[in-house]
Amino acid sequence: MPDGKRMKPLHAPKVAHQDQKFLNSVPARPIRILGEYIHPLVQLKNEGIGDTIVMFGSARIESHETAQARYTRLKRRKIGKLSEAQLSKHRAALRNAKSSLEMSRYYEEARELARRITSWAMSLGDNPRRFVICSGGGPGIMEAANLGAAEAGGKSIGLSIQLPHEQRPNDYISPELSFMFHYFFMRKLWFSQLAKALIVFPGGYGTMDELWEMLTLMQTGKLQRRNLILIYGRKYWDRVLDWKHMLRCGTIDKHEYGLLEFADTVDQAFERVRNGLEMHHMKPDALLQ
């Protein structure tokens with residue numbers, strides 16, 4: 001070497017945990033999966049979370065205020081000079097807006113239920129924090145749940161997921177309890193592992209996916225059968241799913257049908273949730289203690 005000096009390497013090597021290319025590679029997938037378990041675990045412990053109440057429902061259900069404003073705007077639109085095609089499009093938009101306005105009751109009821117559960121849970125103390133509202137982190141019923149908890153002055157959790165149609169976490173999640181997942185199964189683990197109750201508002205594929213997951217875990221004893229699954233809104237759900245037909249056909253038995261409870265008002269839902277928790281779950285979960 002000239003003058004006895006060592007040449008500097010053209011590319012300094014990185015330690016593995018600082019090598020982003022490696023961490024994003026297929027061989028490093030187990031590390032990423034582990035990260036989606038350990039990071040929430042540490043943060044939930046740091047925030048003193050004891051257990052959760054999970055609230056699911058459609059991301060497409062809007063607040064009453066938002067739905068009313070769109071319906072009113074369309075209703076007031078002057079249609080005299082519209083073409084036949086434009087008129088047909090307007091009528092379809094008006095029907096959709098009317099439906100959204102009717103469904104907005106569930107946003108407001110999820111908001112109020114989350115507020116009441118949080119107020120009651122806060123009366124139990126904060127060491128640990130009991131029955132913390134947990135949502136999927138997005139808009140719609142998820143937003144309503146986090147908003148209701150915030151209005152009660154409590155913390156709430158948002159378990160968001162990276163999707164092709166990117167949706168950001170809603171504004172009402174406690175920042176220190178807002179998590180973003182890449183792997184659906186790790187997100188499902190955190191939904192189920194700490195939940196003492198699942199409240200299922202009207203929703204679509206995603207809502208039903210989580211409902212079936214929880215029911216199957218309870219049916220097979222992977223989750224406690226004393227956990228509560230509350231179906232909110234019989235008018236909607238009875239047209240989507242005929243639970244009693246499953247029972248009549250023998251594809252579920254009476255005990256499995258009995259895993260479900262139903263409610264149509266905030267008062268009913270709150271009483272059933274509180275009674276179930278007081279009966280079976282006043283001792284905090286051991287995982288985060």
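The values are calculated or read from the model by the stated rules, or taken from the named source; none is laboratory data. Here the structure is a predicted model, which means the values were calculated and not measured. Cβ: placed from backbone, ideal geometry, glycine included. Neighbour counts: every protein chain shown. Accessible surface is based on the protein model in full, side chains and every heavy atom, while ligands, DNA and RNA are left aside. Shrake-Rupley method; radii C 1.70, N 1.55, O 1.52, S 1.80 Å.
A few comments on the model shown:
- Residues of segment 236-280 satisfying the condition of being of a type outside the set (D, E, K, R), closer than 21 Å to residue 61 by Cα and part of a loop (DSSP other than H, G, I, E, B): 241, 265
- Applying a threshold of 6 Å to beta carbon distances and a minimum spacing of six or more residues, or different chains, the list of pairs starting in segment 22-48 at a residue that is within 21 Å of residue 174 (Cβ to Cβ) and ending at one that is open to solvent by less than 40 Å² (accessible area, probe 1.4 Å) and part of a loop (DSSP other than H, G, I, E, B) reads 36/183; 44/288; 45/288; 48/128.
- Odd one out for residue 263 among (1) out of contact with any Gly (no Cβ under 9 Å at 6 or more places or on another chain); (2) modelled with pLDDT of 95 or more: (1)
- Listed by first and then second residue, the pairs linking a residue in segment 243-270 that is under 17 Å from residue 197 (Cα atoms) to a residue that is open to solvent by less than 40 Å² (accessible area, probe 1.4 Å) and of a type in the set (Ser, Thr, Tyr), with Cβ atoms under 8 Å apart and 6 or more places separating them unless they lie on different chains, are 262/232; 263/232; 264/232; 269/232.
- Counted residues, segment 53-95 - those being open to solvent by less than 30 Å² (accessible area, probe 1.4 Å) and under 30 Å from residue 117 (Cβ atoms): 9
- Filter result for the condition that a residue is surrounded by fewer than 18 Cβ atoms within 10 Å (Cβ to Cβ), under 20 Å from residue 273 (Cβ atoms) and not acidic (Asp, Glu), over 124, 159: 124
- Remark: residue 261 falls outside the filter, which requires a residue to be among the charged types (D, E, K, R) and under 14 Å from the mean Cα position of the chain (by Cα).
- Filter result for residue 39 (open to solvent by 80 Å² or more (accessible area, probe 1.4 Å), in contact with a helix residue (DSSP H, G or I) (Cβ under 6 Å, 6 or more places away or on another chain) and at pLDDT 95 or above): no
- Every pair of residues 6+ apart whose Cβ atoms lie under 8 Å, when the first sits in segment 176-190 and is surrounded by fewer than 21 Cβ atoms within 10 Å (Cβ to Cβ) while the second is at pLDDT below 95 and β-branched (Val, Ile, Thr): 180/161; 181/161; 182/161; 184/161
- Filter result (free of Cβ contacts under 8 Å to residues at least 24 places away in the same chain and among the small types (Gly, Ala, Ser)) within segment 50-84: 69, 80, 83
- Across segment 221-235, the qualifying residues are those that are out of contact with any strand residue (DSSP E or B) (no Cβ under 9 Å at 6 or more places or on another chain) and farther than 17 Å from residue 61 by Cβ, and the one among them that is most open to solvent (accessible area, probe 1.4 Å) is 222.
- Lone qualifier among 208, 218 - being without any contact (Cβ under 8 Å) to a residue 40 or more places away in the chain and surrounded by 12 or more Cβ atoms within 10 Å (Cβ to Cβ): 208
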